[in-house]
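Student: Let me begin by handing over the structure; questions about it come next.
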Amino acid sequence: MNTLTPKQGSIVTISASMSKGDMIGLKQALIDGLNQGLTINEIKEILVQLYAYVGFPRSLNGLSVFKDLLEERQKEGITDTVGSASAPLWIFHLLSIIF
């Protein structure tokens, strides 16, 4: 039987909290995700991709919660892994070549 890894489970919890607009639950899901090994850039990508599903206001609220959380963790001396930047979507890359 295939199961989700803790890291993958964190992605589900982050997505569910965002879709419900549960910012308190989102903060805990973000903490859990970072503790399970998600990088800052992976979480940013998750939050940005959710925009299409949860709407712009919730997406902005989620990014704000994440920004505040990172500042809190930095003040507490917690260093989170930034990770590699996400690759641009291939269609935008193609359009940049054409135009």
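Student: Looking only at residues in region 72-89 that are open to solvent by less than 80 Å² (accessible area, probe 1.4 Å) and at pLDDT 95 or above, which one is nearest to Glu42 (Cα to Cα)?
Tutor: Across region 72-89, the extreme among qualifying residues is Asp80.
Student: On to the next question. Answer with yes or no whether Leu38 is open to solvent by less than 20 Å² (accessible area, probe 1.4 Å) and not in a helix (DSSP H, G or I).
Tutor: Yes; evaluated as a whole, the condition is true for this residue.
Student: All but one of (1) under 13 Å from the mean Cα position of the chain (by Cα); (2) modelled with pLDDT of 95 or more hold for Glu42; state the number of the condition that does not hold.
Tutor: (2)
Student: Right, another one. When you look at Lys44, is it basic (Lys, Arg) and within 20 Å of Thr5 (Cα to Cα), yes or no?
Tutor: It is true that Lys44 is basic (Lys, Arg) and within 20 Å of Thr5 (Cα to Cα).
Student: If you don't mind, there's one more thing I want to ask. Can Ile14 be described as of a type outside the set (Lys, Arg), farther than 23 Å from Ala85 by Cα and at pLDDT 90 or above?
Tutor: Against the criterion (of a type outside the set (Lys, Arg), farther than 23 Å from Ala85 by Cα and at pLDDT 90 or above), Ile14 does not qualify.
Student: All but one of (1) touching a residue at least 12 places away in the same chain (Cβ under 8 Å); (2) within 15 Å of Val12 (Cα to Cα) hold for Asn61, so report the exception by its number.
Tutor: (2)
The values are calculated or read from the model by the stated rules, or taken from the named source; none is laboratory data. Remember, predicted model here, so these are calculated numbers, not experimental data. For neighbour counting, all protein chains shown are included, and Cβ atoms are generated from backbone atoms with ideal geometry for every residue, glycine included. To get the accessible areas, we keep the full protein, side chains included, count just its heavy atoms, and leave off ligands, DNA and RNA. Shrake-Rupley method; radii C 1.70, N 1.55, O 1.52, S 1.80 Å.
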